[in-house]
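**Student:** Provided herewith is a single structure, encoded as C-alpha cells, for subsequent inquiry.
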Amino acid sequence: MKMPSFIVKAGGVACLLMGGVNATAAESPSLVISENDIVALQSASGGLLEQSLQSNKGVADAAIAEGIVVPWPKDAGGGYTHEQHKRNYKAMHAAGLQFQLSGDSRYSDYVVEMLNTYAEMYPQLGLHPEKKEQTPGKLFWQSLNEAVWLVYTSQAYDMVSETLNGEQKDKILNNLLFPVADYLSEGQPQTFDKIHNHGTWAVAAVGMVGYATGRDDYVEKALKGLDKSGNSGFLKQLDELFSPDGYYTEGPYYQRYALMPFVWFAKAIETNQPEIGIFEHRDGILLKAIKTTIELSYNGLFIPINDAIKDKGIKTEELVQALAIAYDITEDESLSDIARQQGRVSLSAGGVALSKILASNNVEPYPYESKVYSDGAKGDQGGLTLMRSGDNESGSLIVAKNTSQGMGHGHYDRLGWQFYDNGKEVVTDYGAARYLNVEAKYGGHYLHENNTWAKQTVAHNALVVDKTSQFNADLAVANTRPAEQVFFSTGDAADVSIGRINTAYDGVAITRVQALVKPESIEPFVIDVVSIQSDDKHLYDLPLHFNGQVIDHNLKNAEALDAWTAMGNDNGYQHMLLRSQGDSASEGNRLTWLLGDRFYSYTYGSEASDGESAQTLFFQLGANDPNHNLRRDQGAVRRLQASNAVMYSIVEPHGEYNGTAEFVTNAYSRVKSLDYNTTKSGAELIVNMGDAGTYTLVLTTGKKGSAPVEAEVLQQ
C-alpha cells in the first residue's frame with residue numbers, strides 16, 4: 001500500500017492565509033515565552049536584538065512562502081524527511097513567536113494549518129522505517145528527535161492556542177499533542193524514566209504539553225516520573241546528572257545538548273509554578289550548569305571530552321537560549337561577553353537586556369578561572385580540572401580528565417589530558433568518530449570506529465598498560481570506578497593538579513601530576529609526571545597526540561619504516577600505523593613541531609627500578625579503516641617495560657614562524673636538562689631552561705615509596 005505523502009505546496013495554504021492581519025496576539029503565552037518577554041521585545045530595537053528579530057521573521061516568512069510540507073517519515077538522521085520535520089518544528093516556533101510580536105494572523109494561521117496536517121498524519125504512523133532498536137520514534141528514527149519536535153511544537157501551539165476554536169483544539173490535542181506525549185512517556189518508560197539526556201528531552205516535552213493544555217497529570221509525571229514517586233523525572237535528573245559544580249557527567253558536548261530542555265522546561269515551570277523555585281533547586285544548580293557550559297570551552301569551542309563533535313561551541317542555539325535565561329535571573333553583566341561572541345541574542349526579556357549592554361559598549365569580560373569541576377551527583381567521582389593562563393581565546397589551557405566514565409558516551413581515558421595554546425588545540429583529543437547528519441557516513445550514526453578507536457585508551461593522552469584499554473573497555477565496570485582528584489592549587493606562578501586511579505588495571509596504581517607554569521619572561525609551559533606502581537612488570541605505553549608538523553627529534557637509532565603496519569590487533573592499536581621508531585634515552589629526549597606560527601617542544605625522560613630500554617614510536621591513523629572513516633591524525637608513543645616507573649615530560653611553547661615576512665625566532669627548545677630525583681619527602685623534577693630560569697616541581701608523598709599527594713612549583 002502506498003503511503004500518503006502529506007505534502008501540500010504553497011498554493012495549498014493561500015486561501016488560509018488570506019485572512020489578513022487583524023487578529024490580536026494572545027495575551028499570555030505560558031511556557032518559555034511569557035507576557036513579560038513579549039512586552040520587552042515589542043518595546044526594544046536595534047543592535048543584536050534587531051538582527052535576531054529579523055532572523056526569526058525571515059524563518060517564519062520563508063516557511064509561509066514554502067507552504068505546508070509534511071512528508072511521510074522515511075529517512076534516518078540527515079535524510080530529507082528527517083531534516084524537513086526539523087525545519088517544520090523550528091518554523092512553527094518562529095511563526096508562533098512572530099504572531100505574538102506582530103498580531104499578524106498569517107503567522108498563527110500557518111502554525112494552525114501545520115498542526116492540523118500533523119494531526120491528520122500522526123494517528124496513521126507506525127514505528128519509523130529506519131527506527132533505532134532501543135528508542136524508536138514515529139516521526140523520526142529515534143524518540144529523542146520526537147521529544148525535541150514536541151518541545152518546540154508545544155511552544156508553537158501555546159503561542160497560537162487562543163486563536164483556535166473548540167473543534168480545531170480537540171483535533172490537535174487528541175490526534176497529535178496528547179498521542180505524542182503518551183508515546184514518549186507511557187509508550188517508552190525505559191527512556192522517560194532514564195537519568196540521561198534522552199530522558200531530559202522526553203520529560204521536558206511531556207511537561208510542556210501539560211502546562212500548555214492544562215494536563216496536570218503530564219506535569220506531575222514530567223517532574224516526578226511515571227509513577228510520580230520522585231525516583232525519576234525532571235527533579236531527579238537535576239539531582240543526579242549534574243555535580244554540585246554544575247558539571248554534566250557526559251561532558252561538555254552533551255551538557256550543551258541537554259541544556260536546552262533543562263533551561264526551557266525550567267523556565268516553563270517558573271512561569272506556571274513559581275512556588276517550586278526551580279532555579280533555586282540544589283543551590284541554583286541550573287545556573288551553575290549554564291556557567292560551567294560556558295567555561296568548558298576554549299576559543300569558542302567546547303572541550304571535546306568523551307563523545308564529542310569538535311566543531312560545536314558557545315555559538316550553539318542551546319547556549320544562546322540559556323544565556324538569556326541566566327541573565328534574566330542573575331543580571332550578571334559578564335554574560336554579555338558571551339553574547340558578544342555569539343553574535344546574536346535570544347528573543348526574550350533576557351536577550352533584550354543583553355543586547356542593550358552590548359549596544360552601550362559596556363561589556364565586562366567573562367571571568368574564566370583555573371578550577372576543578374567536580375564529577376558525580378555528590379561531587380565525589382573525581383573532577384575535570386582546567387588550568388589557565390591568559391585569556392580564553394589565545395592563552396594557555398590544560399585540561400586534566402580525572403573524572404568518572406560519563407555513562408555510555410564516556411571514553412576509557414582516566415587521567416588523560418589536553419593542551420591548548422595560541423588559540424589552537426596543541427595536545428589533542430580525537431573526540432567522537434561520527435559525522436552528524438551526513439547520510440553517506442553510516443546515516444549519521446556513530447561510526448563503528450567510535451568503539452574500536454575513539455573510545456579506546458590509546459586514542460587519548462592516557463597511560464595504557466599491556467596494550468589493553470582501561471577496565472578492559474567494559475562499560476559496566478568503568479561506570480563504577482571513577483578517578484580521584486587528589487590535589488589542586490592555583491596561583492600566579494603555577495597551577496598544579498594531581499589525579500589518581502588504582503582501578504583502571506588490576507594491580508596497577510597510576511598517579512598523574514600536571515602543572516601549568518606561568519613565568520614572567522617566557523610563555524607558560526606544562527610539566528607532566530606519571531607515576532606507576534605495580535608488583536609485576538608490565539608494558540607501559542604513554543601516547544601523545546599532537547597537532548602540527550614535526551620539525552625535528554633527537555632519538556637515537558631512529559628508524560623510518562619502509563612499510564607501515566598496524567601496531568596491534570585490538571584496543572585501538574589496530575588503527576595505528578607505525579611510521580618510525582627509535583630508542584629513548586633516560587632523559588633529554590625531545591620532539592619539536594610547528595603549529596600555526598608557534599613551535600612546541602616535548603622534552604621527556606623516565607625512571608624505572610627494573611625497566612628495560614625505552615622506545616618512542618611515531619604513528620599515524622589509518623590502519624584497518626577501509627571506509628576512510630578516521631582522520632589521519634598523528635602522535636608519538638613512549639614505551640617502557642617495568643613494574644614501578646616514572647615518566648616525566650615538559651611541553652613548551654616557544655618562538656615564532658612568520659612565513660609572510662620570512663623570519664623565524666627561538667625555534668629551539670629552551671630546556672637544557674631535566675633531572676628527576678627522589679627525596680626524603682617525595683621527589684622533585686628540576687627543569688633547567690638556561691637564561692629563562694630553573695623550575696622545580698616538588699612532589700610530596702604520604703610515606704616513602706608512595707604516590708604524590710601534594711605538589712608545588714618553585715623557581716630559582
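**Student:** What pairs come out if I take residues in the stretch 446-463 that are more than 19 Å from GLN418 (Cα to Cα) and pair them with residues that are basic (Lys, Arg) and assigned to a loop (DSSP other than H, G, I, E, B) whose C-beta lies under 8 Å away, six or more apart or interchain?
**Tutor:** Taking only residues 6 or more apart or on different chains, the pairs are LEU447/LYS441.
**Student:** Here's another thing I want to ask about it. For the stretch 676-687, which residues satisfy the criterion of being over 38 Å from the mean Cα position of the chain (by Cα) and part of a strand (DSSP E or B)?
**Tutor:** ASN677, THR678
**Student:** Can you tell me which residue in the stretch 610-641 is modelled with the lowest pLDDT, limited to those that are among the aliphatic types (A, V, I, L, M) and under 27 Å from ASN688 (Cα atoms)? Steps first, please.
**Tutor:** Here is the first cut: in the stretch 610-641, the residues among the aliphatic types (A, V, I, L, M) are 614, 617, 621, 623, 630, 636-637, 640.
Narrowing further to those that are under 27 Å from ASN688 (Cα atoms): 614, 617, 636-637, 640.
Values: ALA614: 92, LEU617: 97, ALA636: 98, VAL637: 98, LEU640: 95.
Within the stretch 610-641, the match that is modelled with the lowest pLDDT is ALA614.
**Student:** Just wondering, is there one or more residues in the stretch 99-118 that are under 15 Å from GLN84 (Cβ atoms), buried (at least 21 other Cβ atoms within 10 Å of the Cβ), modelled with pLDDT under 95 and among the hydrophobic types (A, V, I, L, M, F, W, C)?
**Tutor:** no
**Student:** Check the stretch 148-160 and report whether any residue there is surrounded by 18 or more Cβ atoms within 10 Å (Cβ to Cβ) and closer than 22 Å to TYR248 by Cα.
**Tutor:** yes
**Student:** Among the candidates ILE338, ILE303, single out the residue that is of a type in the set (Val, Ile, Thr), surrounded by 23 or more Cβ atoms within 10 Å (Cβ to Cβ) and within 18 Å of GLY251 (Cβ to Cβ).
**Tutor:** Testing whether each residue is of a type in the set (Val, Ile, Thr), surrounded by 23 or more Cβ atoms within 10 Å (Cβ to Cβ) and within 18 Å of GLY251 (Cβ to Cβ) leaves just ILE303.
**Student:** State the number of residues belonging to the stretch 619-640 that are in contact (Cβ under 8 Å) with a residue 60 or more places away in the chain and in a strand (DSSP E or B).
**Tutor:** So the answer is 8.
**Student:** Let me ask something else. Is it true that ASP570 is surrounded by fewer than 18 Cβ atoms within 10 Å (Cβ to Cβ) and modelled with pLDDT of 95 or more? Don't jump to the end; show me each part of the working.
**Tutor:** On the way: surrounded by fewer than 18 Cβ atoms within 10 Å (Cβ to Cβ): yes; modelled with pLDDT of 95 or more: yes.
Yes, satisfied.
**Student:** Can I ask one more? Check THR135 against each of (1) closer than 18 Å to ALA156 by Cβ; (2) at pLDDT below 95; (3) β-branched (Val, Ile, Thr) and name the one condition it does not meet.
**Tutor:** Of the numbered conditions (1) closer than 18 Å to ALA156 by Cβ; (2) at pLDDT below 95; (3) β-branched (Val, Ile, Thr), the odd one out for THR135 is (1).
**Student:** Looking at LEU286 and the list (1) part of a helix (DSSP H, G or I); (2) under 9 Å from the mean Cα position of the chain (by Cα), which single condition is not satisfied?
**Tutor:** Against the list (1) part of a helix (DSSP H, G or I); (2) under 9 Å from the mean Cα position of the chain (by Cα), LEU286 comes up short only on (2).
**Student:** Quick check, is ASP691 more than 25 Å from GLN418 (Cα to Cα), more than 34 Å from the chain's Cα centre (by Cα) and acidic (Asp, Glu)?
**Tutor:** yes
**Student:** Going residue by residue through the stretch 144-155, is there one that turns out to be in contact (Cβ under 8 Å) with a residue 24 or more places away in the chain and part of a loop (DSSP other than H, G, I, E, B)?
**Tutor:** So far as the stretch 144-155 goes, no, none of its residues is in contact (Cβ under 8 Å) with a residue 24 or more places away in the chain and part of a loop (DSSP other than H, G, I, E, B).
**Student:** Any residue at all in the stretch 602-609 that is in contact (Cβ under 8 Å) with a residue 60 or more places away in the chain and in a loop (DSSP other than H, G, I, E, B)?
**Tutor:** No: the stretch 602-609 contains no residue that is in contact (Cβ under 8 Å) with a residue 60 or more places away in the chain and in a loop (DSSP other than H, G, I, E, B).
**Student:** Given the criterion under 21 Å from THR603 (Cβ atoms) and in a loop (DSSP other than H, G, I, E, B), identify the matching residue among VAL671, VAL713.
**Tutor:** Selected residue: VAL671, the only one of VAL671, VAL713 that is under 21 Å from THR603 (Cβ atoms) and in a loop (DSSP other than H, G, I, E, B).
**Student:** Of everything in the stretch 217-275, what is within 30 Å of LEU301 (Cβ to Cβ), in a helix (DSSP H, G or I) and of a type in the set (S, T, N, Q)? Give them in sequence order.
**Tutor:** GLN237, GLN255
**Student:** Something else about it: In the stretch 177-216, how many are assigned to a helix (DSSP H, G or I), over 27 Å from the mean Cα position of the chain (by Cα) and not β-branched (Val, Ile, Thr)? Before the answer, list the steps.
**Tutor:** Residues of the stretch 177-216 that are assigned to a helix (DSSP H, G or I), as a first pass: 177-184, 189-192, 197-213, 216.
Cutting the leftovers down to over 27 Å from the mean Cα position of the chain (by Cα) gives us 177-183, 209-213, 216.
Remaining after also requiring not β-branched (Val, Ile, Thr): 177-179, 181-183, 210-212, 216.
So the count comes out to 10.
**Student:** Suppose the filter is within 36 Å of the chain's Cα centre (by Cα), part of a strand (DSSP E or B) and closer than 22 Å to SER521 by Cβ; does THR696 pass it?
**Tutor:** For THR696, the condition - within 36 Å of the chain's Cα centre (by Cα), part of a strand (DSSP E or B) and closer than 22 Å to SER521 by Cβ - is met.
The values are calculated or read from the model by the stated rules, or taken from the named source; none is laboratory data. Owing to the predicted nature of the structure, the values given are computational and were not obtained by experimental measurement. Quick reminder, even Gly has a Cβ in these numbers, built from the backbone with ideal geometry, and neighbours come from all protein chains shown.
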